[in-house]
Amino acid sequence: MADSFLIGNGSGFSGDRIDAPIPVVRTLVADGRPSAIFFEVLGERTVALAQLERSTSNDSGYEPMLEPLLSPILKDCFENGIKIIGNFGGANPMGAARCISRLAKSLNLKGMRIGVVLGDDIREQVSLDELEVYEADEDIDVHDGTLVSANAYLDAQPLVEALAKGADVVICGRTGDPSLALAPLIHHFGWSADDWDLLAAGATAGHLLECGSQVCGGVFFEPGYKEIPNPENIGFPIAEVSAAGSIVVGKAAGTGGVVDERTIKEQLLYEIHDPSNYITPDVTVDLSDVTLSRIGEDRVQILGVTGSSRPKKLKVTACFGGSYLGEGEVSVAGPNALARAQATRQVLRDRLKFRGLDVTARFDLIGVSSVHDSADGALSQQDLGPDPGDIRIRLAAAGADKNDVEQSAREVLALLCCGTAGTGGARWRVTRRVVTRSYLADRTAITTQSLCITSEDLL
């Protein structure tokens, strides 16, 4: 497509492969057309964890892998005019901006302009008590939890404003995931804020790319049924979007995986609930008349996306500090392992009762009965077939009292001497649980700010 813009994805979640953006940027540079790369690194609970991290240091709370993600590509993107957009900011967008400024200085990149979008953190803007609870979360009890974070899913417009101010890199916190890809498309093509069909096409491109390698065969891959080539080097996606809203999805050159009608269909339907009414902060998308056409190797064209007006309210996800979770694991191996594992599990169950620890616990035999078992271990009482010979016992204990939870998890350590024969490899840990609940807030009540600062001025 002559009049087209390329948008690549470099990350589908926090912790994604740090080498993945490199072939994406190489492909964009070699192509030479106007382009951008976006990074999606915020899950539902990631912001809350970032807030907890920031509470320990003012220079934390943003994407922890930000420097290794960007250091191999920042120079090429800056020198070739490839925009970088990412929700790296987490709970501290300015901290992320300073991190990138330090990286730019180390790479001798002068005059880089960094956009920072603020306003998704609404704890000081809106009272949650006054908001409508998202219908699916009405039964979630958060009354005893301390509010850790409350973030609105911003639309693309504040990101567009930062790009319009000349930003080479745009950092934000919580946004709609498709908005990260839609923003550079709006900026490049000049799409209006109410051209619903074009916005829907851009949001669809973002939705297809937002999970990184998933649209290139990740998760789709099932040996013997749905094979993909070179899964160890699975590619990340690149979409070509035209000014008229047509989309072609491909992947980075020289990488493994596959892009075909099957991978597109799986990702297209991912997390959208109603294909005729996919709600994003920017536009309501209708995918019911979409057609797919394979137009080349690892190239699929998507047509027929339409849209209607954006929702009047934005989703807000609030996270509350919950109870504590203690986990302890220990292995049992060798002949008669199943019987010993069952006996060891019973010892753990009885020990928690014996000590009077105030926790809710479950006990899994990993490799025998964990993923498909019930909390009471009923599956393990059935005929489990041949003795597996190698079983991992997992104790998970939850409770409000950190000491009780910790003592419960530590019980696995005593099994090294107090348990059945052939037990070893014990580990344990305690973490703070986070409970999430979503609300709906009038978008007019949320104020955003789009900054654009030269990297030298952030140091």
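The set of residues from segment 104-119 being aliphatic (A, V, I, L, M) and closer than 19 Å to Leu451 by Cα comprises Ala104, Met112, Ile114, Val116, Val117, Leu118. Applying a threshold of 7 Å to beta carbon distances and a minimum spacing of six or more residues, or different chains, the list of pairs starting in segment 294-315 at a residue that is within 30 Å of Ala441 (Cβ to Cβ) and ending at one that is of a type in the set (Phe, Trp, Tyr) and modelled with pLDDT under 95 reads Lys315/Tyr134. For segment 152-164, filtering for residues that are touching a Ser or Thr at 6+ places or on another chain (Cβ under 6 Å) and either outside any loop (DSSP other than H, G, I, E, B) or open to solvent by 70 Å² or more (accessible area, probe 1.4 Å) (or both) leaves 4. Looking across segment 256-282 at every residue that is crowded, with 22+ Cβ neighbours inside 10 Å and not hydrophobic (A, V, I, L, M, F, W, C), the one that is nearest to Leu314 (Cα to Cα) is identified as Pro281. When segment 285-326 is filtered for residues that are open to solvent by less than 50 Å² (accessible area, probe 1.4 Å), modelled with pLDDT of 95 or more and in contact with a helix residue (DSSP H, G or I) (Cβ under 6 Å, 6 or more places away or on another chain), the ones remaining, listed by number, are Val285, Leu292, Val300, Val305, Gly307, Leu314, Gly326.
Just give me the residues in segment 192-220 being charged (D, E, K, R) and either within 15 Å of Asp282 (Cα to Cα) or touching a Lys or Arg at 6+ places or on another chain (Cβ under 7 Å) (or both), in sequence order.
Across segment 192-220, the qualifying residues are Asp194, Asp195, Asp197.
Give Ala96, Ala167, Ala91 a once-over and let me know the one that is in contact (Cβ under 8 Å) with a residue 40 or more places away in the chain and not in a loop (DSSP other than H, G, I, E, B). Sole residue among the options that is in contact (Cβ under 8 Å) with a residue 40 or more places away in the chain and not in a loop (DSSP other than H, G, I, E, B): Ala96. Among the residues of segment 44-52, none qualifies, meaning not one is part of a helix (DSSP H, G or I), surrounded by 15 or more Cβ atoms within 10 Å (Cβ to Cβ), in contact (Cβ under 8 Å) with a residue 60 or more places away in the chain and among the hydroxyl-bearing types (Ser, Thr, Tyr). Of all residues in segment 222-272, those satisfying the criterion of being under 20 Å from the mean Cα position of the chain (by Cα), farther than 18 Å from Leu185 by Cα and not charged (D, E, K, R) are Ile234, Gly235, Phe236, Thr263, Ile264, Gln267, Leu268, Leu269, Tyr270, Ile272. A count restricted to segment 33-54 and to residues that are more than 19 Å from Thr436 (Cα to Cα) and not small (Gly, Ala, Ser) stands at 6.
Among the residues of segment 120-148 satisfying the criterion of being under 25 Å from Cys452 (Cα atoms) and touching a helix residue (DSSP H, G or I) at 6+ places or on another chain (Cβ under 9 Å), which is surrounded by the fewest Cβ atoms within 10 Å (Cβ to Cβ)? Filtering first and then ranking leaves Gln125.
The values are calculated or read from the model by the stated rules, or taken from the named source; none is laboratory data. These numbers were taken from a predicted model, which means no experiment stands behind them. In this analysis, Cβ positions are derived from the backbone assuming ideal geometry, glycine residues included, and neighbour counts consider all displayed protein chains. Accessible surface areas use protein heavy atoms only, side chains included; no ligands, DNA or RNA. Shrake-Rupley method; radii C 1.70, N 1.55, O 1.52, S 1.80 Å.
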